[in-house]
């Protein structure tokens, strides 16, 4: 089975997908005239707009839910793996993916807002919805929905849970060894699993509001605390920073582990971490209450910066400044650079834990364990919401035959399975899920551009309204956008309300 997984992973993550991700980001960056730079101040303003409702959540809450998916184990263990297999130059390509990917995140999240629907008192949307409405390709929508359920409900949760189990073991040891059908497992890992399952069950049975309320507190707090720890290490080693940054840039083109390895691992882990183009971000984006679809698109573009340019860079600087890493040739297994014990697992949080413990001692190890726990836990919540949204989409056509409770229990089972299995195997499963969604979503949003250009028309419309001084409204029919049923209904209701409030003329 592991050999089959590795083969499939190699096919999906061929150079073609890496090129497609970079090309799509560059394509949308040029089309939007680098909106990720031009509208940076507007992103910050929109982020804190109090715009939630009974059916939707605020832009900040949507950002928190999205970040709970973006800011996860990929920021800690994923960056370590990128450095371990691709050399320090892989970090440079993670930056490139983030900068270009911010425009892709704008496009997909704006599409999610344009074509969202209101069902059972809450907003839903995502690639499945905009593939059906914008492209008129229901079969593609169903394929994506099934892929997302498999990826986010089965493949990806195990990665997060596996990293939590490994981090707990690294900090507290194995404890007593228990024989299971999955091999010998330490009691400390089982205790961590029990805590995850209890809290996870309580939150996911409470719906998107409970998920949003939890993540809007935990995610910003943990991300800020993590960045502060990194800044302390940077401050204590300011003299090393220019050399480290120079090494990252120079190694990106003459990589220790090979030029292709630096690009491949940088792009793969960059996409896994920030999820731009993967199709996961639009789900939470669609749940936000906004005045114009472009607003949430800009907020989600900013989330890519938070994930990669802030959190991932923090991890990379900690590892590289303290030199707590090895570089291994993934194909031959040959050790290219050795700074720590050769037995240190590359595809794990070990490099990050070693970096922090080298400065903060046991507190550093414990802090990484706590960060991984919360980052991974909130990411699992985001994965559940994505799986739930796509089940809801399929139930529109299969008459409610897919139980949402079944999805909840499947995710809880996969969390259990991932915790007690080997990390390499679990990471490869996750890569298959990420790659599959990325292929479908990126090709889909490019096809939508060539058919109708709704995301670009939205951006121009929003910029024109801002320039005119407002008010900000969205009329899809004026832009020639069809099947934006939610916004057409909302505009009709607003016009009817205005007519009631306007006194009759004499």
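The values are calculated or read from the model by the stated rules, or taken from the named source; none is laboratory data. Remember, predicted model here, so these are calculated numbers, not experimental data. Glycine also receives a Cβ, built like all others from the backbone with ideal geometry; neighbour counts cover every protein chain displayed.
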*region 448-477: number of residues that are over 24 Å from residue 42 (Cα atoms) and over 29 Å from the mean Cα position of the chain (by Cα)*: 1
_Could you tell me how many of the residues in region 1-19 are crowded, with 18+ Cβ neighbours inside 10 Å and closer than 17 Å to residue 444 by Cα?_
2
_Condition (residue is within 21 Å of residue 112 (Cα to Cα), over 27 Å from the mean Cα position of the chain (by Cα) and modelled with pLDDT under 90) applied to region 435-447: is it met by at least one residue?_
no
_With the structure loaded, tell me whether residue 79 is out of contact with any strand residue (DSSP E or B) (no Cβ under 6 Å at 6 or more places or on another chain), at pLDDT below 85, under 23 Å from residue 389 (Cα atoms) and surrounded by 23 or more Cβ atoms within 10 Å (Cβ to Cβ) or whether it fails that test._
no
*residue 49 vs. criteria modelled with pLDDT under 75 and over 21 Å from residue 309 (Cα atoms)*: yes
*Going through region 186-236 one residue at a time, which ones are out of contact with any strand residue (DSSP E or B) (no Cβ under 8 Å at 6 or more places or on another chain), without any contact (Cβ under 8 Å) to a residue 24 or more places away in the chain and closer than 30 Å to residue 323 by Cβ?*
188, 221, 224, 228, 235
*Could you say whether any residue in region 115-133 is out of contact with any helix residue (DSSP H, G or I) (no Cβ under 9 Å at 6 or more places or on another chain), modelled with pLDDT under 90 and either farther than 24 Å from residue 249 by Cα or surrounded by 24 or more Cβ atoms within 10 Å (Cβ to Cβ) (or both)?*
yes
*Report yes if some residue within region 233-249 is in a helix (DSSP H, G or I) and at pLDDT below 85; otherwise report no.*
no
*Is region 419-431 home to any residue that is out of contact with any strand residue (DSSP E or B) (no Cβ under 9 Å at 6 or more places or on another chain), under 23 Å from residue 278 (Cα atoms), assigned to a helix (DSSP H, G or I) and at pLDDT 80 or above?*
no
*asked:* Residues that are part of a helix (DSSP H, G or I), in contact (Cβ under 8 Å) with a residue 12 or more places away in the chain and under 20 Å from residue 159 (Cα atoms): does region 437-444 have at least one?
replied: yes
